[in-house]
Amino acid sequence: MSVVTDATTRLSRKTDRELLREEQAIARQFMGRVPWEMVVWGLGNFLVWLSLWPLVFSGTLPLWAGFVLSSICCALAYLPSHEAQHSIIAKEGEKLRWLNELVGHVSTIPLVFPYRIAWITHRMHHAYANDPEHDPDFGSHGPNWWRAAYGALKERQPMNEGMYEKTMKETDDPNRDRAFLEGLATKVVHFGTLSALAWSGYALEAALLWWLPRHIGFTYLITFLSWAPHHPMTETGRYRDTRFWKSPVGTVLSMGMEFHIIHHLYPRIPLFDTPKAWRALEPILMERGIRDDRDLDWSDHSDDPEAEAA
Amino acid sequence: MKLITEGIRVLGEWGAVLFGIGFLAPLIAQSMDALEIAAPFGLPTIAFGLIVGPTAGVVAKLRGSWV
């Protein structure tokens with residue numbers, strides 16, 4: 001009998017509670033360290049993005065190169081804040097809490113996505129993943145990535161009340177008022193900066209260093225962080241709302257999101273440790289009936305009637 | 001808090017028009033200048049931007065979306 005079959009047979013004899021205990025014991029091994037790589041990533045990425053402005057304005061860097069680099073920075077801007085949203089860098093009351101909050105606030109500046117709004121809505125996403133009424137990320141569902149990205153672009157329209165606005169209105173989070181205030185301030189500063197630059201003769205720079213890269217960054221993030229790991233967003237529940245999948249562009253270019261299921265099960269495991277955690281937890285998770293889509297094309301899903309119709 | 005919510009609502013409601021004036025108008029003008037495209041009827045490019053930008057903003061406001 002092979003090792004895998006052995007492990008499967010051993011696991012299948014266990015009760016749900018025993019499996020959960022074993023699962024949690026394994027997962028705990030991957031929690032608790034400070035993910036310094038995310039601190040460097042978050043603050044470093046912000047500084048690179050910030051440096052593009054003087055480099056382009058001084059003529060050291062051509063605008064087209066600034067645009068490409070800024071788009072990459074915007075795509076990289078979310079995940080360090082995401083780590084901070086889950087207090088992975090430091091929990092409340094810990095010595096490095098200030099750093100957790102600094103990374104959380106600073107890293108998403110290129111995206112104009114305030115930390116507290118991101119955190120409140122992300123917590124709701126975890127609580128209600130794939131629920132059309134309550135999951136703020138449900139706006140990014142769709143039969144393929146470009147329809148998901150287009151749907152999310154429509155959701156982001158300032159005149160629409162998208163799922164994020166709805167979530168912020170409905171939440172009873174004690175930080176809601178502060179988050180609203182930060183959201184308003186962020187919008188005003190972003191628009192004020194774009195307008196001031198544009199009317200000073202730097203409209204192309206403003207458009208290509210911030211406005212357009214931000215939309216490109218969001219499109220990337222929606223595709224790889226929201227749509228792909230949850231596609232087709234028809235199932236809910238701990239082991240079914242997120243899937244294990246194979247990215248057509250590989251693990252690095254999809255920022256580890258093939259292992260996003262580990263994050264949903266154990267949000268305090270640092271991003272860089274989710275592949276290791278997956279390998280350790282895989283036999284138990286298969287036994288638990290997780291969605292294993294590794295053999296499917298990333299856009300396919302056998303239970304997705306919308307995709308079949310399209 | 002009410003004031004903040006109201007502020008967000010008004011900003012959101014007129015955001016497209018403000019965006020058309022504040023950002024799109026000079027962006028259109030400077031893009032035309034960079035591409036050496038002349039505005040119709042001998043208009044300065046910024047005047048053309050100030051017609052097209054806010055008009056697009058009003059259309060977006062009425063449609064409820066830019067896209």
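Things worth noting here:
- B:Leu62 being at the interface with chain A (Cβ under 10 Å from one of its Cβ atoms), aliphatic (A, V, I, L, M), farther than 29 Å from A:Trp64 by Cα and part of a helix (DSSP H, G or I): yes
- Sole residue being under 28 Å from A:Asp177 (Cα atoms) and of a type outside the set (Asp, Glu), chosen from B:Leu50, B:Leu43, B:Leu3, B:Leu62: B:Leu3
For (1) in contact with a helix residue (DSSP H, G or I) (Cβ under 9 Å, 6 or more places away or on another chain); (2) modelled with pLDDT of 95 or more; (3) among the acidic types (Asp, Glu), each residue gets a yes or a no:
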{"residue": "A:His105", "(1), (2), (3)": "yes, yes, no"}
{"residue": "A:Leu111", "(1), (2), (3)": "yes, yes, no"}
{"residue": "A:Tyr115", "(1), (2), (3)": "yes, yes, no"}
{"residue": "A:Asp137", "(1), (2), (3)": "yes, no, yes"}
{"residue": "A:His141", "(1), (2), (3)": "yes, no, no"}
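- Qualifying helices (runs of 4 or more DSSP H) (wholly inside the stretch A:207-310; at least 1 residues being closer than 18 Å to A:Arg147 by Cβ, among the hydrophobic types (A, V, I, L, M, F, W, C) and in contact (Cβ under 8 Å) with a residue 40 or more places away in the chain): A:212-221, A:305-309
- Some residue of the stretch B:27-45 being closer than 29 Å to A:Gly162 by Cα and modelled with pLDDT of 95 or more: yes
- Just one residue in the set B:Ile37, B:Ile46, B:Ile51 is hydrophobic (A, V, I, L, M, F, W, C), farther than 16 Å from A:Trp211 by Cα, more than 9 Å from chain A (Cβ to nearest Cβ) and not in a helix (DSSP H, G or I); that residue is B:Ile37.
- Counted residues, the stretch A:124-133 - those being crowded, with 17+ Cβ neighbours inside 10 Å and out of contact with any helix residue (DSSP H, G or I) (no Cβ under 8 Å at 6 or more places or on another chain): 1
- A:Gly183 assigned to a helix (DSSP H, G or I), closer than 27 Å to A:His231 by Cβ and within 13 Å of chain B (Cβ to nearest Cβ): no
- All of (1) more than 17 Å from the chain's Cα centre (by Cα); (2) buried (at least 21 other Cβ atoms within 10 Å of the Cβ) hold for A:Trp227 with one exception: (1).
- Residue in the stretch A:187-202 that is of a type in the set (Ser, Thr, Tyr) and within 21 Å of the chain's Cα centre (by Cα) present: no
- A Cβ distance below 8 Å, combined with a sequence gap of six or more or placement on separate chains, defines the contacts here; from the stretch A:154-170, residues that are within 7 Å of chain B (Cβ to nearest Cβ) and assigned to a helix (DSSP H, G or I) reach residues that are surrounded by 20 or more Cβ atoms within 10 Å (Cβ to Cβ) and modelled with pLDDT of 80 or more in the pairs A:Lys154/A:Gly139.
- For the stretch A:89-101, a tally of residues being part of a helix (DSSP H, G or I) and buried (at least 18 other Cβ atoms within 10 Å of the Cβ) returns 2.
The values are calculated or read from the model by the stated rules, or taken from the named source; none is laboratory data. Given the structure is predicted, the values throughout are model-derived calculations rather than measurements. Please note: Cβ atoms are built from the backbone with ideal geometry, for glycine as well, and neighbour counts cover all protein chains shown.
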